[in-house]
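Participant: Sharing a structure here in structure tokens format.
The values are calculated or read from the model by the stated rules, or taken from the named source; none is laboratory data. Since the model is a prediction, treat every value here as computed from it, not as a measurement. Counting neighbours? That spans all protein chains shown, and the Cβs are built from the backbone with ideal geometry, glycine included.
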Amino acid sequence: MEETVFNHSTVVQIRFNDIDGLGHVNNTTIQEYFDLGRMHYMKDVFTNAIFSGEATLILANINTDFLSPVYLKDQLEVKTAIVRIGTKSLQMEQQVIDKASGVVKAMCKSVMVAFLKIEEVAIEIKPEWREQVCSREKKEL
């Protein structure tokens, strides 16, 4: 299996309210970090068109593996890559990493579907979206 190359990262600031009674970041908050990374990836690759146009991408499936606790002292970044593009959907992989140690704290795989907002129906991935992703990922998908 080919190892994922990540060409996009987002620095995450851990906030006091992210920490639970055991002194680590709650898993639901780590999921929010993945959402933050996903949003920045989409803004950087698609500019604001993905958020302001009539067509967008919506999250259809998400699977997360929590590998190691995240603590307040950790210096986090979310690495994001689109690894496959189908006709109407794409697959995204992400990692939350402690930048100081290089330890992968959590991994996430998700599926996003191209969607028309007003009609509320799935559509085919736009050719320009495919081109923008392939340009960012530096390969054909």
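Participant: Among the residues of the range 103-113, are any crowded, with 17+ Cβ neighbours inside 10 Å, of a type in the set (Lys, Arg), within 18 Å of the chain's Cα centre (by Cα) and within 30 Å of residue 71 (Cβ to Cβ)?
Facilitator: The answer is yes, given that some residue of the range 103-113 is crowded, with 17+ Cβ neighbours inside 10 Å, of a type in the set (Lys, Arg), within 18 Å of the chain's Cα centre (by Cα) and within 30 Å of residue 71 (Cβ to Cβ).
Participant: I would also like to ask the following. Please verify whether residue 65 is of a type in the set (D, E, K, R), more than 23 Å from residue 117 (Cβ to Cβ) and at pLDDT 95 or above, treating the condition exactly as stated.
Facilitator: Judged against the criteria, residue 65 is a match.
Participant: Would you be able to tell me the number of residues in the range 10-36 that are out of contact with any Gly (no Cβ under 8 Å at 6 or more places or on another chain), surrounded by 12 or more Cβ atoms within 10 Å (Cβ to Cβ) and either of a type in the set (Lys, Arg) or not in a helix (DSSP H, G or I) (or both)?
Facilitator: 7
Participant: Within the set of pairs 6+ apart or on separate chains, which have a first residue in the range 49-63 that is closer than 16 Å to residue 31 by Cα, a second that is at pLDDT 95 or above and not in a strand (DSSP E or B), and C-beta atoms under 9 Å apart?
Facilitator: 59/35; 59/38; 62/31; 62/34
Participant: Considering only residues of the range 29-50 that are under 16 Å from residue 80 (Cβ atoms) and among the hydrophobic types (A, V, I, L, M, F, W, C), which is nearest to the chain's Cα centre (by Cα)?
Facilitator: Restricting to residues being under 16 Å from residue 80 (Cβ atoms) and among the hydrophobic types (A, V, I, L, M, F, W, C), the top hit is 34.
Participant: If I ask for residues that are under 27 Å from residue 12 (Cα atoms) and of a type in the set (D, E, K, R), which ones from the range 84-129 would you list?
Facilitator: 84, 93, 98, 99, 105, 109
Participant: Okay, moving on. Tally up the residues in the range 79-102 that are within 14 Å of the chain's Cα centre (by Cα), hydrophobic (A, V, I, L, M, F, W, C) and over 25 Å from residue 126 (Cβ atoms), please.
Facilitator: Residues flagged as within 14 Å of the chain's Cα centre (by Cα), hydrophobic (A, V, I, L, M, F, W, C) and over 25 Å from residue 126 (Cβ atoms) within the range 79-102 amount to 2.
Participant: Kindly list the number of the only condition in (1) more than 22 Å from residue 132 (Cα to Cα); (2) free of Cβ contacts under 8 Å to residues at least 24 places away in the same chain that fails for residue 31.
Facilitator: (2)
Participant: Shifting gears a bit: Regarding residue 45, is this residue outside any strand (DSSP E or B), under 30 Å from residue 128 (Cα atoms) and touching a residue at least 40 places away in the same chain (Cβ under 8 Å)?
Facilitator: For residue 45, the condition - outside any strand (DSSP E or B), under 30 Å from residue 128 (Cα atoms) and touching a residue at least 40 places away in the same chain (Cβ under 8 Å) - is met.
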